[in-house]
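Beneath this line is the structure, given in structure tokens, with notes to follow.
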């Protein structure tokens, strides 16, 4: 259920989807805590969706997981977390959501009027198997600064983000690192002016076809690959999905 800007989100409004054997007590507790967190947000939370997953055979690589997506006055804020138990995963999720909601209220005011919008088209999944590209997205990104791109990446709880660099007019990518953030772009330019710890990778971005990108990522122990599409000349990211397949995000012209 979507709430109006004047109505507070209640536990009954929080939509919860489950996978595996998840107790009703855990579901109700998640609803209550998400609603309570939404009540302390500086802006109206219009809707909230939660997904709770408990693997049939938990292990080091298959931990219970909790995910949430909140509509904060028209902006999507997402977070996800894992833990030894589903209750611990929910607790970790709430902590991450709290940080992102605080950042949303604080930082969005400084970026108001410069909102980063994407037009997204999702194509039919292609192929099957552990190395198949099973999801594709095509973006028409507007030019933004690296700082704005990082802000959008954090709100979406993504590990990387494809955008068009306002300074160079070329496609670029930012990603999380242990020390802050990394950045690469198709066209050289001045280092980004930002207070954030951004390390600029000034090495050449590879020019590849999708098949070549799949072969390169399959052979390398890395989570994603930023490259220039050989046919379009635009930026693209090929990444590993949790289900073992690959996802593909490509910038396109309007």
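Work out the FRET efficiency for residue 231 and residue 176 from their Cβ-Cβ distance, taking R0 = 35 Å, and round it to the nearest 0.05.
Between residue 231 and residue 176 the formula returns 0.75.
R0 = 25 Å: FRET efficiency of residue 159 with residue 56, Cβ-based, nearest 0.05?
FRET efficiency, residue 159 to residue 56: 0.40.
Please give the length that would be gained between residue 17 and residue 96 if that part of the chain were fully extended, namely 0.36 nm times their separation in residues minus their C-alpha to C-alpha distance (nm, one decimal).
Gain on extension, residue 17 to residue 96, equals 26.5 nm.
Take the chain, connect every pair of alpha-carbon atoms lying under 10 Å apart with a spring to form a Gaussian network, then pick out the residue of 80, 15, 148 with the largest mean-square fluctuation.
Fluctuation is largest for 15.
By counting other Cβ atoms within 10 Å of each Cβ, how are 253, 47 ranked from fewest to most?
Listed from fewest to most nearby Cβ atoms, that is 253, 47.
What is the helix-to-structure angle for 146-156, meaning the angle in degrees between its Cα long axis and the longest Cα principal axis of the chain, kept from 0 to 90 and rounded to the nearest 10?
Result, in degrees: 40.
Using only the Cα atoms of the chain, build the gyration tensor, take square roots of its eigenvalues as a ≥ b ≥ c, and label the shape rounded, prolate or oblate: rounded if a/c is under 1.5, else prolate if a/b is larger than b/c, else oblate.
oblate
Calculate the FRET efficiency for residue 243 and residue 190 from the Cβ-Cβ distance with a Förster distance of 35 Å, rounded to the nearest 0.05.
Calculated transfer efficiency: 0.30.
Using the 10 angstrom Cβ neighbour count as an exposure proxy, how do 242, 75 rank, fewest first?
Lowest to highest Cβ neighbour count: 242, 75.
Take the alpha carbon atoms of region 181-215, find their center, do the same for region 33-54, and report the distance between the two centers in whole angstrom.
35 Å
With springs connecting C-alpha atoms under 10 Å apart, model the chain as a Gaussian network and identify which of 168, 18, 145 has the largest mean-square fluctuation.
Top of the fluctuation ranking is 18.
Counting other beta carbons within 10 Å of each Cβ, put 10, 53 in order, fewest first.
10, 53
Rule-based calculations on the coordinates, nothing more; no lab input. Predicted, not measured: the structure shown is a model, and the values here were computed from it. Counting neighbours? That spans all protein chains shown, and the Cβs are built from the backbone with ideal geometry, glycine included.
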